[in-house]
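K.L.:
Dumping the structure here so I can ask a few things about it.
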Amino acid sequence: MAEKIEVDPMALAFAKIMTIFTIIGIVLMVAPAILYFMGQNQYIPLSKAMDYWHESTVDFWKDVKGITVHGYDWVFENLQYTDCQSMIGVLLLMMTPLISMLAAAARTPNKTYAILLLVASAEFILSIILKGIF
Amino acid sequence: MAAWWFWPLFLFIFTLVIGIISPVSGVGGGVLYVPLATVLTPFSVDFIRGAGLVMAVTSALSSVPYLLKKGLANIRLYAVIAPIMVITSVIGSIVGLWVSNALPNGKYYVKLLLGIIILLVFFIMITSKRLEFPEVRDEDVDSWSRKLGIVGEWYEPSLDRIVQYKIKNLPIGMAMFGVIGFVAGMFGLGAGWANVPLLNIVMGAPIKVATATSMLIITANAPAIGIYLAKGAILPVVVVPSILGITIGARIGAKVAEIIRPAFVRWLVIGVLFLAGVLNIIKGLEGLGYLPHII
């Protein structure tokens, strides 16, 4: 019979938050994508994209939409389109480790681990902000 | 020319197969996906790397909660490594996209480098040992691990008892994880092929702990997804069928692996990986004009 092990409370907090946000992220990514594949409200028309998806990202966007992509504007300014809605799910999946780390930092009685998790979270947030700007 | 839906359908079936054979062979899905999809599909290596990274992170996010609750994934080790890996994976993804977009023929340099990395993975896989329960004596534990109390325990059914473990060589491990994060971000590869031997052989974690903690560490590559998204390198047409395929395939594969796990499947997959590495090198050299077009 399995013996009882002692699991770190910060691990349990991390696991609980990760489970919830991963499920939400996958649903938010897949549901609009199904509509996108069915031809509903496409920002990147699939019939046109297929002529250019062999190109590097810069050339792809120039040829398909006539734009240069910098930051997250292409997602947030076009949320009426199903493919951009699907990217919200990807963003949430990306943020899930960050939210889980913050939850774990809040639960740990050990200050060193709280600081380490907060440092990683700060780097995470900084990288998101910098990517949005540049 | 095939209709647009052919390629997402192909990606779905392709990743479904990868998902099934990955647990059976013990070779990570992400490391198979990027080099093979680069060779087999018409999508730019940028989109494949973006999808590969989302796939690796999503697979890790799905399995980590269970591994944490079982005591197999060590969150203390993660807390020490995450601040390093977050930075290096982001730098790796910036460098990777810069090489393929800013340099003339950049995408061929990326293919060439990817092929070389895949051959490195191949050699690590065929040469590295797996230590079930490495012995870490008290005097082997480095001062950082000791001060941070990086220890753990889990219930091992094969022994019918709780196994406790300690970690050694933390400073060396941290430096090496920095390099691994860079490579993972640059090529969109899941880094289990490097994390597991490092945790197991260098840092003395038991193989089950090394495998589980590796999954946890892969989630620290998540910020690199933002780099690909901010450069427009993540497209639903590539990402969604790939994630659905690998998720469904992995569930089937886990069941199959419980019943059969023939050694030849592992060697077959490692052989395919070797072939994918060689093909990427050839395609890179062709694109750069060092080889005539042969494939």
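The values are calculated or read from the model by the stated rules, or taken from the named source; none is laboratory data. It should be emphasised that the depicted structure is a prediction, and the values quoted were computed from it without experimental measurement. Cβ atoms come from the backbone with ideal geometry, glycine included; neighbour counts cover every protein chain shown. To get the accessible areas, we keep the full protein, side chains included, count just its heavy atoms, and leave off ligands, DNA and RNA. Shrake-Rupley method; radii C 1.70, N 1.55, O 1.52, S 1.80 Å.
K.L.:
Restricting attention to segment B:196-213, report how many residues are in a helix (DSSP H, G or I) and away from chain A (no Cβ under 14 Å).
P.N.:
Step one: filter segment B:196-213 for residues in a helix (DSSP H, G or I), giving B:196-202, B:207-213.
If we keep only those that are away from chain A (no Cβ under 14 Å) as well, we get B:196-202, B:207, B:210-211.
Residues in segment B:196-213 being in a helix (DSSP H, G or I) and away from chain A (no Cβ under 14 Å): 10 in total.
K.L.:
Return the residue satisfying two criteria in turn: it lies in segment B:242-264 and is assigned to a helix (DSSP H, G or I) and more than 19 Å from the chain's Cα centre (by Cα), and of such residues it is farthest from the other protein chains (Cβ to nearest Cβ).
P.N.:
Taking segment B:242-264 first, the residues assigned to a helix (DSSP H, G or I) are B:242-259, B:263-264.
Retained after the next criterion (residues that are more than 19 Å from the chain's Cα centre (by Cα)): B:252, B:255-259, B:263-264.
Working: B:Ile252: 18, B:Lys255: 21, B:Val256: 23, B:Ala257: 21, B:Glu258: 18, B:Ile259: 23, B:Ala263: 30, B:Phe264: 33 Å.
The qualifying residue farthest from the other protein chains (Cβ to nearest Cβ) is B:Phe264.
K.L.:
Let me ask you something else. When residues of segment B:214-235 are filtered for being within 19 Å of B:Gly29 (Cα to Cα) and part of a helix (DSSP H, G or I), how many remain? Steps first, please.
P.N.:
First pass over segment B:214-235, keeping only residues within 19 Å of B:Gly29 (Cα to Cα): B:214-222, B:224-225, B:234.
Retained after the next criterion (residues that are part of a helix (DSSP H, G or I)): B:214-221, B:224-225.
Qualifying residue count, segment B:214-235: 10.
K.L.:
Here are B:Ile117, B:Ile172: which of them is away from chain A (no Cβ under 14 Å), in a helix (DSSP H, G or I) and at pLDDT 95 or above? First the steps, then the outcome.
P.N.:
Working: B:Ile117 fails: at pLDDT 95 or above.
None of the other options fit; the residue is B:Ile172.
K.L.:
Just checking, does segment A:1-9 include any residue being surrounded by fewer than 20 Cβ atoms within 10 Å (Cβ to Cβ), more than 9 Å from chain B (Cβ to nearest Cβ) and farther than 21 Å from B:Ile48 by Cβ?
P.N.:
Yes, that holds for at least one residue.
K.L.:
Do we have B:Leu189 as modelled with pLDDT under 90 and either outside any helix (DSSP H, G or I) or open to solvent by 30 Å² or more (accessible area, probe 1.4 Å) (or both) here? Please lay out each step first, then the result.
P.N.:
On the way: modelled with pLDDT under 90: yes; either outside any helix (DSSP H, G or I) or open to solvent by 30 Å² or more (accessible area, probe 1.4 Å) (or both): yes.
Yes; evaluated as a whole, the condition is true for this residue.
K.L.:
Another question about this same structure. Is it true that A:Leu35 is in a helix (DSSP H, G or I), closer than 18 Å to B:Pro8 by Cα and either out of contact with any Cys (no Cβ under 9 Å at 6 or more places or on another chain) or open to solvent by less than 10 Å² (accessible area, probe 1.4 Å) (or both)?
P.N.:
Numbers: in a helix (DSSP H, G or I): yes; closer than 18 Å to B:Pro8 by Cα: yes; either out of contact with any Cys (no Cβ under 9 Å at 6 or more places or on another chain) or open to solvent by less than 10 Å² (accessible area, probe 1.4 Å) (or both): yes.
Yes; evaluated as a whole, the condition is true for this residue.
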